[in-house]
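The values are calculated or read from the model by the stated rules, or taken from the named source; none is laboratory data. These numbers come from a predicted model, not from an experiment. Here the Cβ positions follow ideal geometry from the backbone for every residue, glycine too, while neighbour counts run over all protein chains shown. All accessible areas refer to the heavy atoms of the entire protein, side chains included, with ligands and DNA or RNA removed. Shrake-Rupley method; radii C 1.70, N 1.55, O 1.52, S 1.80 Å.
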Amino acid sequence: MSENAVASFSSTGLRHVIIGAGTAGVAAAETLRQLDPKAVITVLDGEGEQPYSRMAIPYLLAGQIAEEGVRIHREPDHYKKNRIELLAQRATSIDGHAHVVTLADDRKLTYDRLLIATGSTPYREPVEGIDLPGVHTCWTLNDARAILAHIKRGTRVVQMGAGFVGCIILHGLLAQGARLTVLIRSGRMVSRMMPPAASAMMQRWCEARGVEVKGRTQTQRIDKQGEELRITLTTGEVLPADMYLSVVGVTPSLNFLQGSGIDIDTGIVVDERMRTSLPDVYAAGDVVEARDCVSGRSQINAIQPNAVEQGRLAAHNMVGQTTETGGSFACNVLDTLGLISSSFGHWEGTAGGDSAVLEDADHFRYLNLQFQDDVLIGASSIGYTEHIGAMRGLIVGRHHLGHWKDALKVNPTRFVEAYIALVEHRDLFSHATLQA
């Protein structure tokens, strides 16, 4: 069938089924409605909640917003007005040949186009006692409700994990009055986002604000004595606690795809149009393994802006418009108890590459630029909150820095000047100025 024929067919009202009601799924559903007023759109909400943003949960824990503030749309009839059916069901399997999705209640939905946007699931620590009362994860709205129902001033909380999610919830826990101990297996906070020197700086910041950090250890087992939890560490130390939080990462939600025939590596493999290996089946968001715009490699870049963009892109292709991605981008901006850190692209550098580092430990400021030849391929920072979009622009644009590389190696903070000069094709500063 030609692309024009697909587009024509779409205008008569294709049936679109979207598995997942997170930001990728909602972005896709709303884009589909804009593109095709006659389409039939069903979104499967496996949590049975009105769609919400996980990135708002830390603000809920901190008491900065009410529960309605986590919703992607606060108006309860938003989806009904846009004729988007929200179905509180999980998918258990798909039959790509028959174009059928089977639900947890054994109902079957047929589709013309299917989008998989199931996101991620918290990794389950393989330790004895992980199912005991008082043990929680912090990923869903229900998780947040359970934490808020049991935490109060003086609650002893042991948290396993200091990755992105582990760090963004620290403020909420302390705001509720928790006495907090954080365990880090690797010994480094956000080790998948920041270099060792920056991780150490973040740890000092947290410890100065009352967080006890224990590195190079992890939970060996969890026991319960009366109302108290007893956390035995691999070092042999035993920590008493009222609450245990397991935030050791997430994995793509893929279990229901067994036997579907969809190509899966770490995540669902998609092409430039977000198409999977099955006809008429697309994928978007944290569940997707897509081409990275910096390296060109296929990988998961599980951040909200990528999820939204991929959902919109998939929708365009689901109605027959040929729209290709420019690639996903690794981009993280993190607020850890008021300390802002960020990482972009290949912040860890590459073999044979070059770098420029500026560190001011006393004032909690850090900047690390990574180069491949004269191209900026990655960056990480602490304390630099203004104009960091310029860093992103230099990396995504793959601009050849020329003499600006030498300037940045002398003073990495001049990335904004380099961006203006290169992007606007205006070399505002002479070679003499660059040497100053």
Residue 147 fails exactly one of (1) in a loop (DSSP other than H, G, I, E, B); (2) under 30 Å from residue 304 (Cβ atoms); (3) of a type outside the set (Lys, Arg), namely (1)
Enumeration of residues in segment 28-72 that are of a type in the set (Gly, Ala, Ser), open to solvent by 10 Å² or more (accessible area, probe 1.4 Å) and under 21 Å from the mean Cα position of the chain (by Cα)
46, 53, 56, 62, 69
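For segment 304-321, enumerate the residues that are among the hydrophobic types (A, V, I, L, M, F, W, C) and either in contact with a strand residue (DSSP E or B) (Cβ under 6 Å, 6 or more places away or on another chain) or surrounded by fewer than 18 Cβ atoms within 10 Å (Cβ to Cβ) (or both).
Taking segment 304-321 and keeping what is among the hydrophobic types (A, V, I, L, M, F, W, C), we get 307-308, 313-315, 318-319.
Hits for segment 304-321 are 314, 318.
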Evaluate the following for residue 118: is it of a type in the set (S, T, N, Q) and touching an Asp or Glu at 6+ places or on another chain (Cβ under 6 Å)?
no
Can you tell me how many residues in segment 219-244 are in contact (Cβ under 8 Å) with a residue 40 or more places away in the chain and open to solvent by less than 60 Å² (accessible area, probe 1.4 Å)?
11
Can you find a residue that is modelled with pLDDT of 95 or more and more than 16 Å from the chain's Cα centre (by Cα) anywhere in segment 294-312?
yes
Reported set for segment 102-129 where residues are surrounded by fewer than 16 Cβ atoms within 10 Å (Cβ to Cβ) and in a loop (DSSP other than H, G, I, E, B) is 104, 105, 106, 107, 123, 124, 126
Residue by residue through segment 193-232, note down the ones that are more than 26 Å from the chain's Cα centre (by Cα) and among the β-branched types (Val, Ile, Thr).
222, 231, 232
Between a first residue in segment 189-202 that is closer than 20 Å to residue 301 by Cβ and free of Cβ contacts under 8 Å to residues at least 60 places away in the same chain and a second residue that is hydrophobic (A, V, I, L, M, F, W, C) and open to solvent by 40 Å² or more (accessible area, probe 1.4 Å), which pairs have beta carbons less than 9 Å apart while being 6 or more apart in sequence or on different chains?
192/164
Pairs returned, first residue in segment 295-323 that is among the charged types (D, E, K, R), second residue that is assigned to a helix (DSSP H, G or I), beta-carbon separation under 7 angstrom, 6 or more apart or interchain, are 312/27; 312/28; 312/31
Scan segment 318-357 for residues that are hydrophobic (A, V, I, L, M, F, W, C) and under 16 Å from residue 386 (Cα atoms) and report the count.
6
